[in-house]
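K.L.:
Structure below; questions to follow.
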Amino acid sequence: MSVNYSIPRGTYDILPETSYKWQYVLKTFQETAKLFNFKEIVTPIFEKADLFERSVGDTSDIVEKEMYKFNDKKGRKFALRPEGTAPVIRSFVENNLGFSGNLCRLFYSGPMFRYDRPQKGRYRQFYQYGIEAIGSNHPYIDAEVIAFADTFLRNLGLKNYNLEINSVGCSICTQDYDLALKEYFSPHFDELCPDCKKRMGKNPKRLLDCKVKSCQSIAKNAPSMIAYLDEDCRTHFEQVKFYLDKMGIVYKVNDRIVRGLDYYTNTAFEFLNNNLGAQNALLGGGRYNGLVKQIGGKETPGVGFAGGIERLLLSLEQEELFCGKNSIPEIFFITLGKNAQIKGVELIAKLRNMGISIVTEIEKESMKSQMKAANKSNALFAIIIGEEELSNNELVLKDLQVGNQKMIAFKDIGEIKEIIDKAK
Ligand code: AMP
């Protein structure tokens with residue numbers, strides 16, 4: 001079939017034959033949230049553009065190159081959200097969610113938008129799930145956020161993933177490190193890519209996660225952040241590792257993880273699935289102690305992570321794991337003749353009110369075509385009413401799996417619910 005319109009590049013439709021997989025992954029995420037007592041927050045899909053420009057950072061790829069920005073009719077600048085943390089913190093500040101003084105544990109999920117080069121596992125509209133724990137600088141909370149991610153992946157049954165952690169320090173100890181990086185990269189300045197040349201002045205740490213091969217080979221021998229951590233940051237990092245050890249969570253320290261966004265402080269981590277190819281980061285996160293203040297709130301520490309559902313589904317497929325199943329109707333309702341059809345409409349409404357799922361194909365008239373449709377629907381049972389059944393005030397209930405059938409009087413249709421429940 002020729003179509004006049006096609007879907008925008010880098011986006012995709014979630015079709016009926018796969019939508020149940022999304023529901024399964026999201027349900028597992030919500031169940032994990034219950035286990036850790038995180039509550040859902042839903043924020044708008046678009047925000048004022050400067051929320052991201054100021055918080056995510058103007059040297060980040062997201063802000064520099066990937067934001068879908070637009071002006072509304074009054075000329076105000078908005079952006080489709082490229083990530084979930086800044087909007088959640090905006091809402092935290094605006095709604096004073098920290099008022100109780102308790103740790104605020106939030107989770108979210110929804111579409112994010114980045115004008116990125118589409119490839120396997122990377123899209124322009126993708127679906128993220130994430131959590132934020134706002135209000136504590138205790139290293140146990142970093143470990144708990146990591147444990148949440150690990151529990152979620154394990155609850156899905158995934159095995160082929162590994163955790164890498166780092167500390168990017170705080171705004172004070174990072175100053176010496178930034179100087180050391182500038183000193184290290186300066187002699188190579190002419191060999192750096194144009195992006196790295198720009199980043200060198202503003203945020204030299206970003207040179208460590210440049211994807212350009214020649215920059216990567218220069219960065220290989222750059223000094224390690226861990227050597228520059230001040231005492232508090234070093235202790236914090238040691239404590240995070242201590243709690244992870246206590247929880248039995250296996251990790252590797254990778255001092256090259258800086259994460260793409262400017263707002264990270266101290267802990268940074270990634271869960272990787274190396275079978276996924278270039279886009280191997282399943283989820284990533286870290287601590288962001290300066291962000292709440294930057295967005296206009298009181299100085300409040302926070303830590304969280306975000307991951308994409310698409311890469312999870314690829315991983316589930318690779319490991320041939322259960323991803324839920326599509327729903328099937330309990331009953332396919334067949335009627336033969338005008339009068340039976342009218343009775344059928346009445347009974348279908350009654351049965352649905354009892355909580356039974358029913359389909360019918362009212363425009364099909366012959367028994368053969370309706371039976372064919374019933375078999376295609378994978379329904380558990382068929383109900384059949386013809387003229388004869390109608391005159392006897394009864395219906396035929398046919399078990400489509402076993403093949404046997406029984407007559408049920410219209411006045412006894414309550415029995416059908418019990419029969420279905422037993423068959424499931
Ligand atoms: P980030 O917000 O860049 O730290 O990304 C967190 C996670 O979101 C990644 O580990 C991916 O699972 C997912 N993700 C980020 N960008 C994309 C994208 N363009 N397409 C699909 N998933 C993405």
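The values are calculated or read from the model by the stated rules, or taken from the named source; none is laboratory data. What you see is a predicted model; the values in this text were computed from it and never measured. Because the Cβ atoms are built from the backbone with ideal geometry, glycine has one as well, and the counts that use them run over all protein chains shown. Please note that ligands, DNA and RNA were not included when accessible areas were found on the heavy atoms of the full protein model with its side chains. Shrake-Rupley method; radii C 1.70, N 1.55, O 1.52, S 1.80 Å.
K.L.:
Please go through the stretch 150-200 and give me each residue that is among the hydroxyl-bearing types (S, T, Y) and part of a loop (DSSP other than H, G, I, E, B), ordered by number.
P.N.:
Step one: list which residues in the stretch 150-200 are among the hydroxyl-bearing types (S, T, Y), which gives 151, 161, 167, 171, 174, 177, 184, 186.
Across the stretch 150-200, the qualifying residues are Y161, S171.
K.L.:
Exactly one of these conditions fails for K74: (1) of a type in the set (D, E, K, R); (2) surrounded by fewer than 19 Cβ atoms within 10 Å (Cβ to Cβ); (3) closer than 28 Å to D13 by Cα. Give me its number.
P.N.:
(3)
K.L.:
Quick one: which residue in K398, K364, K372, K325 is open to solvent by 40 Å² or more (accessible area, probe 1.4 Å) and assigned to a helix (DSSP H, G or I)? Break it down stepwise before answering.
P.N.:
Working: K398 fails: assigned to a helix (DSSP H, G or I); K364 fails: assigned to a helix (DSSP H, G or I); K325 fails: assigned to a helix (DSSP H, G or I).
Testing whether each residue is open to solvent by 40 Å² or more (accessible area, probe 1.4 Å) and assigned to a helix (DSSP H, G or I) leaves just K372.
K.L.:
Here is a follow-up. Working only within the stretch 49-70, note down all residues that are open to solvent by 100 Å² or more (accessible area, probe 1.4 Å) and either at pLDDT below 95 or among the polar types (S, T, N, Q) (or both). If you could, list the steps in order and put the result at the bottom.
P.N.:
Start the filter on the stretch 49-70 by keeping residues that are open to solvent by 100 Å² or more (accessible area, probe 1.4 Å), which leaves 54, 69.
Of everything in the stretch 49-70, just one residue is open to solvent by 100 Å² or more (accessible area, probe 1.4 Å) and either at pLDDT below 95 or among the polar types (S, T, N, Q) (or both), namely R54.
K.L.:
Suppose we filter Y243, Y263 for residues that are in contact with a Phe, Trp or Tyr (Cβ under 6 Å, 6 or more places away or on another chain), in the same structural domain as K293 (by TED's automatic domain parsing) and modelled with pLDDT under 90; which single one remains?
P.N.:
Result: Y263 is the single residue among Y243, Y263 that is in contact with a Phe, Trp or Tyr (Cβ under 6 Å, 6 or more places away or on another chain), in the same structural domain as K293 (by TED's automatic domain parsing) and modelled with pLDDT under 90.
K.L.:
Would you check if F46 is open to solvent by 40 Å² or more (accessible area, probe 1.4 Å) and assigned by TED's automatic domain parsing to the domain that holds R124? Steps first, please.
P.N.:
Details: open to solvent by 40 Å² or more (accessible area, probe 1.4 Å): yes; assigned by TED's automatic domain parsing to the domain that holds R124: yes.
It is true that F46 is open to solvent by 40 Å² or more (accessible area, probe 1.4 Å) and assigned by TED's automatic domain parsing to the domain that holds R124.
K.L.:
Looking only at the stretch 111-139, count how many residues are near the ligand (Cβ under 9 Å from one of its atoms), under 22 Å from D150 (Cβ atoms) and either in a loop (DSSP other than H, G, I, E, B) or not assigned by TED's automatic domain parsing to the domain that holds Y288 (or both).
P.N.:
Here the count works out to 1.
K.L.:
Considering D142, D150, which residue is more than 14 Å from the ligand (Cβ to nearest atom) and crowded, with 24+ Cβ neighbours inside 10 Å?
P.N.:
Values: D150 fails: crowded, with 24+ Cβ neighbours inside 10 Å.
Only one candidate passes the filter, namely D142.
K.L.:
With respect to E83, is the statement that it is assigned by TED's automatic domain parsing to the domain that holds T265 and at pLDDT below 95 true? Step through it out loud before you land on a result.
P.N.:
On the way: assigned by TED's automatic domain parsing to the domain that holds T265: yes; at pLDDT below 95: no.
The answer is no for E83.
K.L.:
Ok, one more. So which residues in the stretch 203-252 are part of a loop (DSSP other than H, G, I, E, B), more than 27 Å from A147 (Cβ to Cβ) and either in contact (Cβ under 8 Å) with a residue 60 or more places away in the chain or out of contact with any Cys (no Cβ under 6 Å at 6 or more places or on another chain) (or both)?
P.N.:
The answer is N203, K211, K220, N221, A222, P223.
K.L.:
When the stretch 66-87 is examined, which residues are found to be part of a helix (DSSP H, G or I) and either within 12 Å of the ligand (Cβ to nearest atom) or touching a residue at least 60 places away in the same chain (Cβ under 8 Å) (or both)? Please lay out each step first, then the result.
P.N.:
Applying the first criterion (part of a helix (DSSP H, G or I)) to the stretch 66-87 yields 66, 85-87.
Selection gives E66, T85, A86.
K.L.:
For the stretch 361-386, what are the residues that are in contact (Cβ under 8 Å) with a residue 40 or more places away in the chain and within 10 Å of T335 (Cβ to Cβ)? Even if it seems obvious, please write down each step before you answer.
P.N.:
So the first thing to find is which residues in the stretch 361-386 are in contact (Cβ under 8 Å) with a residue 40 or more places away in the chain, and the list is 373-374, 377-386.
Result: I383, I384, I385, G386.
K.L.:
Could you check V292 against (1) in a helix (DSSP H, G or I); (2) assigned by TED's automatic domain parsing to the domain that holds S55; (3) farther than 30 Å from R124 by Cβ; (4) among the hydrophobic types (A, V, I, L, M, F, W, C) and say which number it fails?
P.N.:
Among (1) in a helix (DSSP H, G or I); (2) assigned by TED's automatic domain parsing to the domain that holds S55; (3) farther than 30 Å from R124 by Cβ; (4) among the hydrophobic types (A, V, I, L, M, F, W, C), the lone unmet condition for V292 is (3).
K.L.:
Taking the stated definitions as given, is S327 on the phi < 0 side of the Ramachandran plot, in contact with a helix residue (DSSP H, G or I) (Cβ under 9 Å, 6 or more places away or on another chain) and among the small types (G, A, S)?
P.N.:
Details: on the phi < 0 side of the Ramachandran plot: yes; in contact with a helix residue (DSSP H, G or I) (Cβ under 9 Å, 6 or more places away or on another chain): yes; among the small types (G, A, S): yes.
Yes.
K.L.:
Continuing with this model, one more query. How many residues are near the ligand (Cβ under 10 Å from one of its atoms), under 15 Å from Y161 (Cβ atoms) and either of a type outside the set (A, V, I, L, M, F, W, C) or assigned to a loop (DSSP other than H, G, I, E, B) (or both) if we restrict to the stretch 253-286?
P.N.:
Here the count works out to 6.
K.L.:
Can I ask one more? Take the conditions within 16 Å of the ligand (Cβ to nearest atom), on the phi < 0 side of the Ramachandran plot and in contact with a Phe, Trp or Tyr (Cβ under 8 Å, 6 or more places away or on another chain) and apply them to L313. Does it pass?
P.N.:
For L313, the condition - within 16 Å of the ligand (Cβ to nearest atom), on the phi < 0 side of the Ramachandran plot and in contact with a Phe, Trp or Tyr (Cβ under 8 Å, 6 or more places away or on another chain) - is met.
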